[in-house]
Amino acid sequence: MENDSVSQSLKLYIVLSRAYKAINEHVNKVIQASGLNPTEFAVLELLYHKGDQPMQQIGGKILLASGSITYVVDKLEQKGFLVRIACPNDRRVTFAQITDKGKEFIQEIFPEHAEQIHSLMSSLTDPEKQEAIELLKKLGLPAGKF
């Protein structure tokens with residue numbers, strides 16, 4: 001019985017990994033067609049939906065190593081999509097803020113992004129999606145990811 005349980009766990013891991021990889025590859029193609037890489041898109045989308053963010057906290061919110069954030073922010077700043085704003089209360093903190101140009105850009109590409117994800121998830125009914133969300137959170141909680 002123990003062996004069957006271990007085999008099922010391994011199978012679940014492989015199926016979950018392959019599903020994530022396949023979905024992510026589709027989503028990233030649309031993002032890259034817009035001229036951004038997936039990390040740049042994630043930062044821009046975060047700022048658009050959540051407002052100004054301390055640079056030190058962006059990595060944790062989009063699952064990226066903090067050392068890479070400066071590089072990504074530099075690239076987005078060069079494109080005119082965001083600016084850095086010094087915190088008036090704490091000189092150690094710098095916020096990333098989306099610009100009007102960045103807002104216009106994300107407003108243009110986000111609907112297609114959302115529709116593509118919706119389409120990729122359409123093989124599940126809404127109740128199945130909710131069940132999947134709950135099950136995946138249950139899997140992630142012990143690993144400290146949610």
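Restrict the check to region 44-52 and report whether at least one residue is of a type in the set (A, V, I, L, M, F, W, C) and surrounded by fewer than 16 Cβ atoms within 10 Å (Cβ to Cβ). Let's see the steps before the verdict.
We begin by selecting, within region 44-52, every residue of a type in the set (A, V, I, L, M, F, W, C); these are 44, 46-47.
Still in the running and surrounded by fewer than 16 Cβ atoms within 10 Å (Cβ to Cβ): none.
Within region 44-52 (the criterion being of a type in the set (A, V, I, L, M, F, W, C) and surrounded by fewer than 16 Cβ atoms within 10 Å (Cβ to Cβ)), the answer is no, since none of the residues qualifies.
Suppose we filter region 65-82 for residues that are in contact with a helix residue (DSSP H, G or I) (Cβ under 9 Å, 6 or more places away or on another chain) and under 24 Å from PRO111 (Cα atoms); how many remain?
8
Considering only region 66-119, state which residues are touching a residue at least 24 places away in the same chain (Cβ under 8 Å), small (Gly, Ala, Ser) and closer than 30 Å to ALA19 by Cα.
SER68
If GLU25 meets every condition in (1) more than 27 Å from CYS87 (Cα to Cα); (2) in contact with a helix residue (DSSP H, G or I) (Cβ under 8 Å, 6 or more places away or on another chain) apart from one, which number is that one?
(2)
Each value in this text was obtained by applying a stated rule to the coordinates, not by laboratory testing. Note that the structure is predicted; figures quoted are calculated from it, not measured. FYI the Cβ positions are ideal-geometry reconstructions off the backbone, even for glycines, and counts take in every protein chain you see.
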